[in-house]
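Some notes on the structure that comes next.
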Amino acid sequence: MIAVVTGGGSGIGSAVVGRLRSVGADIVAWDLKGGDIRCDISDPESVSAAIEQTVASHGTPDRLVARIGDRARIGRGRRPGSRGVVAAAKRR
């Protein structure tokens, strides 16, 4: 199984990455600041680039875990929302 975890570089997303890896899944963590691939899920171009990098390095993902959208970022006017997640899912 190949899975993408958005927001996988820290917090709950990082815990999800750790748990899935512990059961043998091949995980690609997308995050603004950490993770395997830098991705701003609110930016369609960033999502497209992350998808291309993921497919090139791991193959086509089987799963998408959408762990994004903390209050601090939303409170500063950023809207990670569902559009980026939908864009990522559509590309599959």
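Values quoted throughout were computed directly from the atomic coordinates according to the rules given, and no laboratory measurement underlies them. The shown structure was predicted, so the numbers you read here are calculated from the model rather than taken from an experiment. Quick reminder, even Gly has a Cβ in these numbers, built from the backbone with ideal geometry, and neighbours come from all protein chains shown.
Can you list residues whose amide H is under 5 Å from residue 29's amide H, if they're 5+ apart or on another chain and H is modeled 1.01 Å from N?
Amide H neighbours of residue 29: 5, 36, 37.
Could you calculate the contour length gain from residue 49 to residue 2, that is, 0.36 nm times the residue separation minus the distance between their Cα atoms, to one decimal place in nm?
15.2 nm
At a 10 Å Cβ-Cβ cut-off, how would you order 38, 19, fewest neighbours first?
By the 10 Å Cβ count, ascending, the order reads 19, 38.
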